[in-house]
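What follows is a set of notes on a single structure, which appears directly below.
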Amino acid sequence: MGQSSSISDSEHIQPFHRLHAQLSDLIFNTPPGERLPAEPELARQLGVSRATLREAMRSFEGQGLIRRRQGVGTFVVGHPRIIEAGLEVLESIEKMARKINLDVSMGALQITQMAASPVYAEALSVEEGSPLVKVSRVIFADNRPVAYLVDILPEDVLPPATLKEGFTGSVLDFLLRRGSPQPIYSVTEIQAIPAPSDIAHALEIQRGDVLQLFVAREYSTNNRVIAYSLSYFIPGYFKFRVVRNVTSEHPFV
């Protein structure tokens, strides 16, 4: 008669899933604002390599449950309020946040005047060397950086002097309030990318952490490209959805 086995459920769990469960318990039991053990110590405690630990931590950072600050440590931030939006509507972070009564604010604003490089000239359908304005800033929600926004526009569309009053972070809202040129629609590409070092520094995350990148061209009423935008979102703070209709050209109809 064969010997019966008594194997606990935890022994059936794959190592990475077990690590994920252990980290989940640790984060849940650590008060928001408190720092987790340093990576070398935590990796030793959990019996994994630092590379494996870092990979597991990224999923929790993507959910907005922790924040890793270069040279400082990893902090528990609790459950963030998520900004949700449908991608079929062009609207600013500020407008999306107002729907859930979430206060957002703009960090340091950088306004750069520049001549159109070949890349920007093509993106904006202007001549190389044309005067452009680049507007860069970090957007905060609940006092945490959640997005880094860059807009490049022809100087005649957005003269730098006009941003000195009434600009709170959204170029789209600013143009809509001004009314001319009037933004009508955008064409946007969406991808996941590892955070470049400068963006990671601005968002207080680690270089290589995953970001959602929206690359958009915004058009006015006469189909002129009036803005080329790069929007970097920390995934755990945003949830985007797409409404897709089935066409009438269904093969079984």
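Hey, any idea what % of the chain's accessible area is carbon plus sulfur with a 1.4 Å probe?
Values: 7370 of 14700 Å².
Solvent-exposed carbon and sulfur of the chain make up 50 percent of the total.
For segment 86-174, run through the GluC sites (Glu not before Pro) and keep only the ones in DSSP coil with at most 13 other Cβ atoms within 10 Å of their Cβ. All intermediate terms of the calculation are to be shown ahead of the outcome.
Numbers: sites: Glu88, Glu91, Glu94, Glu122, Glu127, Glu128, Glu155, Glu165; in loops: Glu88, Glu91, Glu127, Glu128, Glu155, Glu165.
Loop-located and lightly packed - Glu88, Glu127, Glu128, Glu165.
How much solvent-accessible surface does Thr162 expose, in Å² to the nearest 10, with a 1.4 Å probe and all protein chains in place?
50
Could I get the Rg over Rh figure for the chain? Both from C-alpha atoms, Rh via Kirkwood, rounded to two places. The partial results should precede the final answer.
Values: Rg = 22.7 Å, Rh = 20.9 Å.
Checking Rg against Rh, the ratio lands at 1.08.
For segment 155-253, which chymotrypsin sites (Phe, Trp or Tyr not before Pro) are in a loop by DSSP, counting at most 10 other Cβ atoms within 10 Å? Walk me through the intermediate numbers first.
Numbers: sites: Phe167, Phe174, Tyr185, Phe214, Tyr219, Tyr228, Tyr232, Phe233, Tyr237, Phe238, Phe240, Phe252; in loops: Phe167, Phe252.
Passing both the DSSP loop test and the Cβ count: Phe252.
List the lysines whose Cα lies under 20 Å from the Cα of Lys164, skipping any in the same chain that are fewer than 8 positions away.
Within the straight-line cut-off, Lys164 pairs with Lys134.
222 nm [θ] for the chain, helices only, -39500 (n - 2.57) per DSSP H run of 4+, per residue, to 500? Walk me through the numbers on the way to the answer.
On the way: 8 runs with 67 residues, N = 253.
-7500 deg cm²/dmol, from helical runs alone.
Report the net charge of residues surrounding Leu124, where surrounding means a beta-carbon distance below 15 angstrom and charges are Lys +1, Arg +1, Asp -1, Glu -1. Provide the component values of the computation, followed by the final result.
Values: positive: Lys134, Arg217, Arg224; negative: Glu122, Glu127, Glu128, Asp151, Glu155, Asp156, Glu218.
Here the charged neighbours net out to -4.
Applying 1/(1 + (r/R0)^6) with R0 = 35 Å to the Cβ-Cβ distance of Glu84 and Thr162, what FRET efficiency is obtained, to the nearest 0.05? Each step should come with its number before you reach the end.
Details: r = 31 Å, r/R0 = 0.89.
Calculated transfer efficiency: 0.65.
Build a GNM of the chain with springs between Cα atoms under 10 Å: which of Leu19, Leu46, Leu109 gets the top mean-square fluctuation?
Most flexible of the set in this elastic network: Leu46.
Suppose R0 equals 45 Å; then what is the FRET efficiency for Arg50 and Val246 from their Cβ-Cβ distance, rounded to the nearest 0.05? It would help to have the intermediate numbers written out before the result.
Values: r = 48 Å, r/R0 = 1.06.
In this case the efficiency is close to 0.40.
If I take every Cα pair under 8 Å that is 6 or more residues apart in segment 96-198, average their sequence separation and divide by the length, what percent do I get for the relative contact order? Can you show the working numbers first?
Working: 127 pairs, mean separation 21.5, N = 103.
Relative contact order, segment 96-198: 21 percent.
Whole angstrom only: what separates the Cα centroid of segment 183-253 from the Cα centroid of segment 99-151?
Computed from Cα coordinates, the inter-centre distance equals 14 Å.
The values are calculated or read from the model by the stated rules, or taken from the named source; none is laboratory data. If you're wondering where the values come from, they're calculated on a predicted model, not measured in any experiment. Here Cβ is always computed from backbone atoms with ideal geometry, including for glycine, and neighbour counts include all displayed protein chains. Keep in mind that these areas ignore ligands, DNA and RNA; they rest on the heavy atoms of the full protein, side chains included. Shrake-Rupley method; radii C 1.70, N 1.55, O 1.52, S 1.80 Å.
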